[in-house]
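Novice: Pasting a structure here, questions to come.
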Amino acid sequence: MSAPAASAPTGPGKTAGRYNFRHSEPHWQERWEAEKCFQSDPNGDGLPAKADSRPKYYVLEMFPYPSGRIHMGHVRNYTMGDVVARFRRAQGYNVLHPMGWDAFGLPAENAAIERGVHPGQWTRRNIADMRQQFRPLGLSIDWDRELSTCEPEYYRHEQAMFLDFMDKGLVYRKESTVNWDPVDHTVLANEQVIDGKGWRTGAPVERRKLAQWFLKITHYAEELLSALETLDRWPDKVRLMQHNWIGRSEGARVFFPLAGRDDRLEVFTTRPDTLYGASFCAISAQHPLAAEIAETNPEAAAFIADCARLGTSEEAIEKAEKKGFFTGLEAVHPLDPEWRLPVYIANFVLMEYGTGAIFGCPAHDQRDFDFARRLGLPIRAVVAPRDADPVAFAAELEAGSEAFTGDGVAINSGFLDGLGVAEAKRAVIDRLAESALGEGTVQFRLRDWGVSRQRYWGCPIPVIHCPTCGAVPVPRDQLPVTLPEDVEFDRPGNPLDRHPTWAKVSCPKCGGAARRETDTLDTFFESSWYFARFCSPKVEGQAFNRAAVDYWLPVDQYIGGIEHAVLHLLYSRFFTRALKDCGYLGLEEPFKGLFTQGMICHETYKDADGRWLSPDQVTRGEDGALVHRTEGTPVSAGRSEKMSKSKRNTIDPAAIIEAYGADAARLFMLSDSPPERDLDWTDSGIEGAWRYLNRLWRLAAEPATPLPAPNAPRPDDLGDGLPLMRALHKTIAGVSDDLDRLRFNTAVARLREFTNAYEAFDAAGDGPDWVRRHALETLARLWEPMIPHLAEELWSLLGHERLLIHTDWPTHDPALLVDDTVTLAVQVNGKLRGQLDVARDADRQTIEAAALALPNVTAQTAGKTVRKVIVVPGRIVNVVAN
RNA sequence: GCGGGCGUGGCGAAAUCGGUAGACGCAGCGGGCUUAAAACCCGUUGCCUUUCAAAGGCAUGGGGGUUCGAGUCCCCCCGCCCGCACCA
């Protein structure tokens with residue numbers, strides 16, 4: 001790509017002048033800073049000044065992980081947020097637009113292992129670097145509210161929250177399975193397990209049981225689900241994903257007494273109506289009953305081990321045949337004491353869902369059907385479609401290979417026969433309840449949130465393990481529990497665990513020797529409340545100044561990536577409820593408006609050997625074909641994909657800003673693609689943005705016609721300036737609406753369209769000249785949220801001393817939106833045959849007559865009879881003739 | 001397998017109360033300015049028929065339907081993308 005050299009304007013003449021962004025952008029940034037334009041915390045308590053009566057508006061972009069380098073995704077994300085922040089500020093809102101760092105996490109530990117640098121040092125240096133990289137973008141951020149989650153001033157509050165959650169019964173500890181890398185002696189996150197092997201060591205991952213801390217998100221499952229309906233400014237897609245993730249299903253718990261034993265098998269089903277079609281029971285390989293049987297039955301133990309081996313790779317699960325092992329036990333059918341069902345251990349039953357046990361009804365569940373076929377178990381139809389012949393239907397189903405899962409009526413089901421599915425469910429549940437053999441229940445797919453991580457670089461869990469008192473909370477006056485600085489990463493495992501002194505403490509209860517919890521919190525913990533901490537980031541004794549969170553929350557517009565659709569957003573919704581129940585704040589939903597932006601993509605390149613090449617290694621040869629820049633060897637271009645280091649198709653924002661300036665980068669980010677869709681980065685796209693900025697700059701720096709003085713009075717009669725004035729007001733209305741709905745691409749198109757109209761405008765006189773200046777000033781004001789530096793530059797070129805950012809957002813004059821005449825499309829039989837200019841208020845007869853008189857219309861209707869003329873005022877005339 | 005989304009010029013896209021499809025931009029083509037190039041400016045650009053003009057035909061993944069009129073609503077089919085994935 002050719003980087004334009006910014007030069008001083010050369011004045012009118014043969015060479016067009018160029019906008020010098022290198023001078024201008026830092027200049028306006030300094031002015032904004034000097035005038036404290038983005039400050040929002042005058043008292044230090046998070047609240048606005050007493051006299052400030054503006055309504056509040058909280059705009060937030062998901063805070064970044066401090067990797068050390070900003071990437072194009074950041075530029076897009078923060079540009080969008082900045083447009084919203086600047087737009088709302090101009091509209092008279094008191095805007096909160098903060099920035100912080102999601103600073104705990106694995107990459108810092110990897111850096112420590114690979115380069116021997118301390119995670120804290122690495123993280124803090126990255127933060128400093130990234131702050132510097134954000135600065136040239138000209139974002140309207142209140143940096144005074146900056147926070148970093150890895151600092152004790154931040155995480156001490158979440159330790160207190162953890163203890164409050166404990167008091168509220170929202171925290172518990174239980175054994176849970178983790179992915180264990182036997183070489184690194186470390187726990188792996190799911191995404192670090194690739195094909196059942198550790199990503200770093202390649203060693204087969206083991207499943208180990210560890211006691212871990214859980215947060216009871218399921219306590220709020222019902223509410224988290226139902227409240228989704230109130231989030232009307234969230235994308236449907238995200239709400240749907242959360243809906244599915246929570247996965248509510250209504251059904252029943254059914255108890256099957258075990259023949260010859262005192263205990264019973266507890267089963268969850270959504271189809272109690274098919275109980276008469278049961279032909280077996282099945283339990284998970286992890287079910288306690290399975291373990292019990294395995295103790296005395298080596299074959300059962302072998303089968304269970306077999307099941308455990310499976311289950312790492314998704315593909316294996318997909319292809320796995322349904323397998324079962326007969327336990328020798330028989331379950332008694334709850335509706336018929338004479339009826340016995342064999343009990344199997346089955347590889348397709350999940351311990352984590354429901355009760356870890358099912359009853360199988362092959363006729364009406366495909367999995368059960370497959371299982372029954374394999375093991376030769378009976379298949380008995382107990383539901384038939386309403387219009388089917390029950391006997392024939394049952395025969396066909398039992399001979400076929402597919403279960404029937406649709407609605408219908410009960411057959412072969414005793415007292416249920418003839419009832420619909422829904423009625424039959426109710427009837428069965430009632431009958432079971434009478435004999436205490438079952439009950440209606442609601443089951444969720446959502447599981448409790450396991451927050452323990454066997455890691456160093458995270459927030460310490462404030463608990464002490466005492467051999468006599470058990471898990472004891474760290475007394476609040478001893479918070480924060482801080483991470484030790486003197487740690488080594490030269491050996492595998494968790495440095496906290498093997499630290500010589502850190503974990504050794506005395507029990508707060510009995511004073512005996514005890515040991516600190518060495519697990520740290522999942523990093524989703526920090527991001528579940530940072531948006532609230534931003535409301536009063538400087539208060540010390542408490543997490544929040546209650547008045548400040550009451551004032552600022554909820555976040556009016558949250559912007560971030562779709563990858564956080566479920567976990568981060570669901571955890572934050574949970575946290576907000578839990579914090580409310582602990583008295584921290586007073587609302588349930590933290591994010592009123594949510595917007596998920598698309599990714600930045602770029603074409604990918606490979607050399608002849610299939611190695612990825614970065615865009616700057618690729619150029620076009622003389623024949624236009626892609627070649628390697630230095631070696632001249634052929635290069636093949638692949639499809640456009642999300643920018644990623646592994647595919648080497650990234651573009652460095654710093655290089656773009658250096659070559660074209662921040663406004664060009666911002667403009668390109670907002671142009672062309674709708675913000676929720678992926679954006680393709682192209683060289684020609686950024687060139688186009690840069691070209692437009694210069695055009696705009698020239699309108700003010702080198703005007704074709706001299707402009708009247710600033711603040712010149714508006715002439716009573718705009719004369720020939722009226723059409724441009726109308727176009728301007730349509731633009732004001734359109735752009736305001738676009739920005740309100742975050743439709744940045746159409747706002748850009750509209751402003752460019754008006755620029756075209758402005759340049760084509762050649763009327764002369766006082767009226768037109770006044771409109772010219774007015775239009776240019778308004779154009780600067782409308783552009784300011786998107787390209788703030790150039791907008792200020794234009795404003796200044798137009799002779800204003802006071803910053804543009806302090807001027808109000810323009811409002812349109814509704815009278816100027818309606819034209820005196822309108823152009824109607826004229827159709828004959830639905831096909832366009834001409835156009836008609838008529839007065840806006842022309843009556844139907846006049847329009848009809850004029851339309852029928854159009855030469856093209858008479859030609860088309862010649863020899864036909866006009867049956868009907870449809871007139872849609874202001875839009876269209878359709879002549880129906882045959 | 002289940003759920004959701006999307007298919008519009010060479011490309012990114014507009015047009016969502018059913019009313020002139022292709023705004024705005026990218027790329028292309030022709031021209032101007034220039035010693036030359038860049039930059040900049042002007043014109044042009046969905047496809048087809050037509051020497052020009054005028055006009056006409058075809059076009060929003062494919063097929064059918066509703067309607068005076070369908071990118072938009074309904075039904076069927078095809079393709080791509082995303083989420084979940086033995087959730088009983």
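Novice: Can you name the condition, by its number, that A:Phe256 falls short on among (1) away from RNA strand B (no atom under 11 Å from the Cβ); (2) in contact with a His (Cβ under 9 Å, 6 or more places away or on another chain); (3) open to solvent by 10 Å² or more (accessible area, probe 1.4 Å); (4) not β-branched (Val, Ile, Thr)?
Specialist: Among (1) away from RNA strand B (no atom under 11 Å from the Cβ); (2) in contact with a His (Cβ under 9 Å, 6 or more places away or on another chain); (3) open to solvent by 10 Å² or more (accessible area, probe 1.4 Å); (4) not β-branched (Val, Ile, Thr), A:Phe256 violates only (3).
Novice: Kindly provide the set of residues from segment A:518-548 that are touching a residue at least 24 places away in the same chain (Cβ under 8 Å), out of contact with any helix residue (DSSP H, G or I) (no Cβ under 7 Å at 6 or more places or on another chain) and assigned to a loop (DSSP other than H, G, I, E, B), ordered by number.
Specialist: Listed by number, the residues that qualify are A:Thr518, A:Asp519, A:Asp522, A:Thr523, A:Lys538, A:Val539, A:Glu540, A:Gln542, A:Asn545.
Novice: Additional query: Return the total of residues in segment A:544-561 being over 21 Å from A:Pro64 (Cα atoms) and buried (at least 22 other Cβ atoms within 10 Å of the Cβ). Spell out the reasoning first.
Specialist: Filtering segment A:544-561 down to residues over 21 Å from A:Pro64 (Cα atoms) leaves A:544-552.
Within this subset, residues satisfying the condition of being buried (at least 22 other Cβ atoms within 10 Å of the Cβ) are A:544, A:548-549, A:552.
Residues that pass the stated criteria total 4.
Novice: When segment A:748-766 is examined, which residues are found to be more than 10 Å from RNA strand B (Cβ to nearest atom) and touching a residue at least 24 places away in the same chain (Cβ under 8 Å)?
Specialist: In the first step, residues of segment A:748-766 are kept if they are more than 10 Å from RNA strand B (Cβ to nearest atom); the result is A:758, A:761-766.
Hits for segment A:748-766 are A:Tyr758, A:Phe761, A:Ala763, A:Ala764, A:Gly765, A:Asp766.
Novice: Can you name the residue in segment A:325-381 that is within 8 Å of RNA strand B (Cβ to nearest atom) and among the charged types (D, E, K, R) and is also least open to solvent (accessible area, probe 1.4 Å) among such residues?
Specialist: Residue satisfying both the conditions and the ranking: A:Asp368.
Novice: Does segment A:805-821 contain any residue that is part of a strand (DSSP E or B) and either within 30 Å of A:Lys868 (Cα to Cα) or open to solvent by less than 60 Å² (accessible area, probe 1.4 Å) (or both)?
Specialist: Step one: filter segment A:805-821 for residues part of a strand (DSSP E or B), giving A:821.
Then keep just the ones that are either within 30 Å of A:Lys868 (Cα to Cα) or open to solvent by less than 60 Å² (accessible area, probe 1.4 Å) (or both); that gives A:821.
So far as segment A:805-821 goes, yes, one or more of its residues are part of a strand (DSSP E or B) and either within 30 Å of A:Lys868 (Cα to Cα) or open to solvent by less than 60 Å² (accessible area, probe 1.4 Å) (or both).
Novice: Within the set of pairs 6+ apart or on separate chains, which have a first residue in segment A:45-70 that is in contact (Cβ under 8 Å) with a residue 40 or more places away in the chain, a second that is open to solvent by 60 Å² or more (accessible area, probe 1.4 Å) and in a loop (DSSP other than H, G, I, E, B), and C-beta atoms under 6 Å apart?
Specialist: A:Arg54/A:Tyr93; A:Tyr57/A:Tyr93
Novice: Can I ask one more? Just checking, which of A:Ala733, A:Ala712, A:Ala665, A:Ala701 is more than 15 Å from RNA strand B (Cβ to nearest atom) and touching a residue at least 60 places away in the same chain (Cβ under 8 Å)?
Specialist: Numbers: A:Ala733 fails: more than 15 Å from RNA strand B (Cβ to nearest atom); A:Ala665 fails: more than 15 Å from RNA strand B (Cβ to nearest atom); A:Ala701 fails: more than 15 Å from RNA strand B (Cβ to nearest atom).
Just one listed residue meets the conditions, A:Ala712.
Novice: Related question: Go over the candidates A:Thr405, A:Thr468 one by one and state the one that is assigned to a loop (DSSP other than H, G, I, E, B) and either open to solvent by less than 60 Å² (accessible area, probe 1.4 Å) or more than 30 Å from A:Asp336 (Cβ to Cβ) (or both). Give the derivation first.
Specialist: On the way: A:Thr405 fails: either open to solvent by less than 60 Å² (accessible area, probe 1.4 Å) or more than 30 Å from A:Asp336 (Cβ to Cβ) (or both).
After applying the criteria, what remains is A:Thr468.
Novice: Restricting attention to segment A:618-632, and to residues there that are touching a strand residue (DSSP E or B) at 6+ places or on another chain (Cβ under 6 Å) and not in a strand (DSSP E or B), which single residue is modelled with the lowest pLDDT?
Specialist: A:Gly621
Novice: Go through segment A:591-610 and give me each residue that's farther than 18 Å from A:Lys642 by Cα and touching a Phe, Trp or Tyr at 6+ places or on another chain (Cβ under 6 Å). Write out each step before concluding.
Specialist: Here is the first cut: in segment A:591-610, the residues farther than 18 Å from A:Lys642 by Cα are A:591-595, A:607-610.
Correct list: A:Phe591, A:Leu594.
Novice: Restricting attention to segment A:857-879, report how many residues are part of a loop (DSSP other than H, G, I, E, B) and β-branched (Val, Ile, Thr). First the steps, then the outcome.
Specialist: Taking segment A:857-879 and keeping what is part of a loop (DSSP other than H, G, I, E, B), we get A:862-865, A:873-875.
With the extra rule that they be β-branched (Val, Ile, Thr), the set shrinks to A:865.
So the answer is 1.
Novice: I need the full set of residues from segment A:840-856 which are under 19 Å from A:Asp819 (Cα atoms) and either near RNA strand B (Cβ under 9 Å from one of its atoms) or in a helix (DSSP H, G or I) (or both), in order please. Steps first, please.
Specialist: Initially, segment A:840-856 is screened for residues under 19 Å from A:Asp819 (Cα atoms), giving A:840-844, A:846-847.
The answer is A:Arg844, A:Thr846, A:Ile847.
Novice: Which of the numbered conditions does A:Lys209 fail, given that it passes all the others? Conditions: (1) at pLDDT 90 or above; (2) more than 15 Å from RNA strand B (Cβ to nearest atom).
Specialist: (1)
Novice: Would you confirm, using the coordinates I've provided, whether A:Pro653 is in contact with a strand residue (DSSP E or B) (Cβ under 8 Å, 6 or more places away or on another chain), surrounded by 14 or more Cβ atoms within 10 Å (Cβ to Cβ) and under 26 Å from A:Arg135 (Cβ atoms)? Please lay out each step first, then the result.
Specialist: Details: in contact with a strand residue (DSSP E or B) (Cβ under 8 Å, 6 or more places away or on another chain): no; surrounded by 14 or more Cβ atoms within 10 Å (Cβ to Cβ): yes; under 26 Å from A:Arg135 (Cβ atoms): yes.
Criteria not met by A:Pro653.
Novice: What do you reckon, is A:His800 within 40 Å of the chain's Cα centre (by Cα) and either more than 13 Å from RNA strand B (Cβ to nearest atom) or of a type in the set (Lys, Arg) (or both)?
Specialist: The answer is no for A:His800.
The values are calculated or read from the model by the stated rules, or taken from the named source; none is laboratory data. As the structure is a prediction and not an experimental result, all values here were calculated from the model. Neighbour counts run over all protein chains shown; Cβ positions are idealised from the backbone, glycine included. Remember, those area values only see protein heavy atoms, side chains included, never the ligands or the DNA or RNA. Shrake-Rupley method; radii C 1.70, N 1.55, O 1.52, S 1.80 Å.
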